[in-house]
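Novice: Below you'll find the structure I mean.
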Amino acid sequence: MDEVIQVTQWLSSITPRKKAKLFFFTTHADAPSPMVGSNDVDTHEETQLPLATTVALHNFKNIDEFLKKKVNTFSCYNVIENEITKTDYEYLRFYSACKYLDVVPPFLDLEKISAIQNKFEMTDEERDYRLLLDSADLVLEKVCDSLKPAGVSQMWTALRKDRNLIRGVKTIDIIGFFVDPNPTGIKECLFFFIVRFLQKADKINRVNTNRLERLIAQCDESSSCEEGKTIDFIIDSLRFYPTELYPFRFCLIMCVIEGRDGAMQEIEKTMEISRHLAMITHTEKNPTKETIELVKKELMKPKYQFYSSFTCWFMSHGDSNSMVLADGETIEREWFLTSFPDISTFQLKPKVFFMVSCRGANKFSLKGDEFEGQSATCDYYDIGSALIRNRMLDITDSVRDISYVQPMMGTLVAYSTILDHLSGRANTHGSIYVDRACVLMSENISRGRSLTEILEHLSQDLHEILQETMDEDRIVYKQACHYDSFFQKTLKLPYTRHPKEDVHSAPQ
């Protein structure tokens, strides 16, 4: 059958709502320029003009033309060995979006997809199409599904009132002030236009969504939300790190085995909980500084940008400032913690570090040791809420910026013990902290709990346990863990234990 006829038949089989979503996923905001040979095409025009004209004319002709052009580009594309191109990214994004929406063209060359995945050095696990879906876009899709056409129309009205933001933008004028979002697929096109416009204007990204939340907050709840949804529910969904929908998280486990009883048990437990949390795991036994540098180099490869989060377990002996490696050398804990968050492939994504080692030799003994009491001044509690409101600054958009991000932002570091103190181990089971952390995470999967909630529970649970030193003194003591957080959103555990066993249901 003629290829033109095949493409036409394929497009005619896709509903308007799915066309809008396919366009949205394919024009992912952080992706490279859309097509090889289209350097003269303005990315702004490429991603927003088809949406604008579809909303204005209630006609999907331009989106159809965009998708046809995509298919034709991929049909003519020759996969070049060893060199990753912009079209490689776009081909994978397009395929994953089609697969997710259940609209894969029957004529799409799957061998080319496999060849591109080879260039990215993807393992069998990483070839799951869901890895290629952008988790932030999936959250935005769910937000759109939760809104009625009237709600998106109210968002549009609120956006149009921000004259400083829309001044001189041609696509805004194409749509006009008043919009009828009721025809099938138009609501989706208008919502996705708003999202892409705010992203291109550097007003929102996968972490900073305040500007979008403010637009939604101005909607009338009675007319804007689908049944069972509320404005608060929709806004709350934007305040979590986008890792829950088809989460593919990467977990690095580094464990020094030499001289550490129960170390293999630690590895087994962390690997098991990582599997339950839908993480793809890489394990390094007996790491050295050279090993760490090689792992950092590996994580800079392009395929890791498809992951939604990064978790690292580092288990070894240590003192207040450093950790002991397998070859007896030490590394500064601070150096380790600051070198990983700056890796570009995990930029704007949550990074969690579980640092399991002693940080000194002190013990909170049950005999002889007393902490000096400290009294709270209560000064902060004397400030009434009305006084606070009266003294609040009026923070305008002109003094907000989301373009530059301090590398440690989005990072959480969980320590197995407090500074200068021991981190206890059992002879056969290894670190007690690792054991309790894995148990609590396993128990809370599918309960909608956040990671910080679990770490707070872990702090309580661990501090109840009586431990005993392994030396001649046999001192009974307690261990206290804590964490430092630079998170900007809440990180929830996924709702499913084994995502690959889920029955996939395509969106409408």
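Novice: Determine the gain in length on full extension of the stretch Thr469-Asn427; use 0.36 nm per residue of separation and subtract their C-alpha separation, reporting nm with one decimal.
Specialist: Working: separation 42, 0.36 × 42 = 15.12 nm, distance 1.10 nm.
Between Thr469 and Asn427, full extension yields an extra 14.0 nm.
Novice: Follow-up question, since we're still on this one. At 0.36 nm per residue, and after removing the present C-alpha to C-alpha distance, how many nm does the segment from Glu227 to Met409 gain when stretched out fully?
Specialist: Extra length available between Glu227 and Met409 comes to 61.9 nm.
Novice: Now a separate question. Which angle from 0 to 90°, rounded to the nearest 10, does the C-alpha axis of helix 432-444 make with the longest principal axis of the chain?
Specialist: Rounded to the nearest ten degrees, it is 40.
Novice: Here's a follow-up. What nm distance separates the two modelled labels at Glu268 and His482, each placed 7 Å from Cα along Cα→Cβ?
Specialist: With each label point 7 Å from Cα toward Cβ, the separation is 3.4 nm.
Novice: So how tilted is helix 149-160 from the main axis of the chain? Cα-based, degrees 0 to 90, rounded to 10.
Specialist: So the inclination is approximately 90 degrees.
Novice: How much length, in nm to one decimal, is gained on full extension between Asp420 and Thr15, taken as 0.36 nm per residue of separation minus their Cα-Cα distance?
Specialist: Computed gain between Asp420 and Thr15 is 139.6 nm.
Novice: By how many degrees, between 0 and 90 and to the nearest 10, does the Cα long axis of helix 451-463 differ from the longest principal axis of the chain?
Specialist: Relative to the chain, helix 451-463 is tipped by roughly 10 degrees.
Novice: Taking every pair of alpha-carbon atoms in the chain, give the share separated by more than 38 Å as a whole percent.
Specialist: 36 percent
Novice: Moving on. When the dipole is taken about the Cα centre of the chain, and only Lys, Arg (+1) and Asp, Glu (-1) are charged at their Cβ, what size is it in debye, to the nearest 20?
Specialist: 1660 debye
Novice: Sticking with this one: Mind ranking Asp435, Asp420 by accessible surface for me, highest first, 1.4 Å probe?
Specialist: Asp420, Asp435
Novice: Right, another one. Which parts of segment 474-496 would a label at Val439 reach, counting a residue when its backbone N lies under 19 Å from a point 7 Å out along Cα-to-Cβ?
Specialist: The answer is 477-482.
Novice: Along Cα→Cβ, 7 Å out, is where each label goes; now give me the distance between the ones at Glu290 and Asp162 in nm to one decimal.
Specialist: Placing both labels 7 Å beyond Cα along the Cβ direction yields 5.3 nm.
Novice: Right, here's the next one. Would you rank Phe346, Phe233 by solvent-accessible area, highest first, keeping every protein chain in place and using a 1.4 Å probe?
Specialist: The ranking, largest first, comes out as Phe233, Phe346.
Novice: Would you tell me the accessible area of Phe177, worked out with a 1.4 angstrom probe on the heavy atoms of the protein chains, in Å² to the nearest 10?
Specialist: Estimated to the nearest 10 Å², Phe177 gives 80 Å².
Novice: Hey, another quick one. Amide H neighbours of Ala426 under 5 Å, counting only residues 5+ apart in sequence or on other chains, H built in-plane at 1.01 Å?
Specialist: Long-range HN contacts for Ala426: Ser431, Ile432.
Novice: Along the Cα→Cβ direction, 7 angstrom out, place labels at Asp461 and Asn362. What is the inter-label distance in nm?
Specialist: 2.7 nm
The values are calculated or read from the model by the stated rules, or taken from the named source; none is laboratory data. Every value quoted in this text rests on a predicted model; they were computed, and no experiment measured them. Every residue, glycine among them, receives a Cβ derived from its backbone with ideal geometry; neighbour counts consider all protein chains shown. Calculation scope for accessible area: heavy atoms of the full protein, side chains included, ligands and nucleic acids excluded. Shrake-Rupley method; radii C 1.70, N 1.55, O 1.52, S 1.80 Å.
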